[in-house]
Structures are given as structure tokens and as C-alpha cells.
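Before any comments, here is the structure.
The values are calculated or read from the model by the stated rules, or taken from the named source; none is laboratory data. Every value quoted in this text rests on a predicted model; they were computed, and no experiment measured them. Methodologically, a virtual Cβ is constructed for each residue, glycine included, from the backbone with ideal geometry; neighbour enumeration extends over all protein chains shown. SASA here: full protein model, heavy atoms, side chains in, ligands and nucleic acids out. Shrake-Rupley method; radii C 1.70, N 1.55, O 1.52, S 1.80 Å.
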Amino acid sequence: MNLKNQILLLAMLPCMLFSCNNASEQQKENKASKAKSLTGTYRLLESKTIKGKDTVTAFTDTSKTEMFKMFNEDHFSFFNHDKEKGKGKEPHFLAGGGTYSFDGKNYQERLQYCSLRDWESNKFDFELEFKGDTLIQRGEENLPELGVKHTIIETYLKIK
């Protein structure tokens, strides 16, 4: 390489480095923006489970049970319980949480903690769709060792 090309390359180097850093910063900003759009507290409105050809629709009876799902920048948690504080005919409490990744559509939960301990340390892939303050989560829960293989569709309302 001749001296003139070397000088030209050295002159262009700062611009090239700035361009790479700018692209990296843009990717970080895009990821933060997508996570921010998910950040908040959501109340479950409806849950649908599909096993093979069978579909079971379970509408949440808010007079008897409630479920909330919460997201910050990189963690999620969920809580589901009966409103009779475990003293009714069907006592119920389920909770869990962990880390997640989200690219604006594809969402992956990495369940680190769960009151159903056999579910811990598993990953679940879903698609998320937003319609105003409504969040729709679709995907498969597949845990062969527990005999679990079904598709879920959950509809949440953002409350905060």
C-alpha cells in the first residue's frame, strides 16, 4: 500500500469506528425500546390451552381467582392465586419468574423460580402481540419429562 493510501486509510479510520459504535448504540437503543414497551404489570383476562386437537378455554373468574404478570427491562414474574386465601374448595397458588428476551415479537422466558419446582430451569418460546393495552401471548409449553405438551394463548390487560 502506498503512502497516499495509508494516509487516506488513517483519515477514514475515526469515521469507520464512529460508524460501528453508532450501529452498536442503535441496537442497544432498539432493544431497550422494545423491552420498555413490554415493561409493566398485566392482569390475565383469558387463558386458552390447546392439547392436540382439543381446546380448553378458561376464562378467569375475577371473583374467585386472579393472575398478574410483571416485566421490567430483563426479568418477568407471575402470580396466580385464589381470592379465598387458600381456604376455599379449590385452594390455589402459583408463582414464578426469571429472565426473558424480547425482540418486539419473539419472546423467550427462562424460568428460574417456580412453585411448580419441576418447571424450573426451562425455556419457553412465545410470540407476543400488542393491541393497545392488551397483550396476547402465544406459544408452546413442552416438558416431555412431565408429560406436558400444549399450546397456550393468554390475553392480558396492562394495568400499570
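Quick one: which of Lys48/Lys160; Lys51/Lys149; Lys53/Lys149; Lys69/Lys158; Lys48/Lys69; Lys64/Lys85 span more than 18 angstrom between C-alpha atoms? Walk me through the numbers before you get to the answer.
Values: Lys48/Lys160 24 Å; Lys51/Lys149 7 Å; Lys53/Lys149 12 Å; Lys69/Lys158 9 Å; Lys48/Lys69 16 Å; Lys64/Lys85 10 Å.
Correct reply: Lys48/Lys160.
If you plug each phi of the stretch 70-76 into the Karplus form 6.51 cos²θ - 1.76 cosθ + 1.60 with θ = phi - 60°, what whole-Hz ³J(HN,Hα) values come out, in order, with x for Gly and Pro?
10, 10, 10, 4, 9, 10, 10
Modelled label-to-label distance, Asp125 and Met70, 7 Å Cα→beta-carbon offset: nm?
Rounded to a tenth, the inter-label distance reads 3.0 nm.
Return a whole-number percent for the relative contact order of the stretch 72-160, with Cα pairs under 8 Å and 6 or more residues apart as the contact set. Mind dumping the intermediate values first?
Values: 168 pairs, mean separation 14.9, N = 89.
This gives 17 percent for the stretch 72-160.
Tell me, what HN-Hα J-couplings in whole Hz come from the Karplus equation 6.51 cos²θ - 1.76 cosθ + 1.60 at θ = phi - 60° for each residue of the stretch 83-99, using x for Gly and Pro?
8, 8, 6, x, 9, x, 5, 10, x, 8, 8, 9, 8, x, x, x, 9
Can you list residues from other chains, or at least 5 along the same chain, whose modelled amide H is less than 5 Å from the amide H of Gln112?
For Gln112, whose amide H was placed from the backbone, the distant partners under 5 Å are Gly97, Gly98, Thr99, Ser121.
Quote to one decimal, in nm, the extra length available between His150 and Tyr113 on full extension: 0.36 nm per residue of separation minus the C-alpha distance between them. Intermediate results must be reported in sequence, preceding the final value.
Numbers: separation 37, 0.36 × 37 = 13.32 nm, distance 2.08 nm.
Here the answer is 11.2 nm.
Could you tell me the calculated FRET efficiency between Lys89 and Leu143, based on Cβ-Cβ distance and R0 = 30 angstrom, to the nearest 0.05?
On the way: r = 28 Å, r/R0 = 0.93.
The pair Lys89/Leu143 has a calculated efficiency of 0.60.
Using protein chains only and a probe of 1.4 angstrom, how many square angstrom of Ile152 are accessible, to the nearest 10?
Estimated to the nearest 10 Å², Ile152 gives 10 Å².
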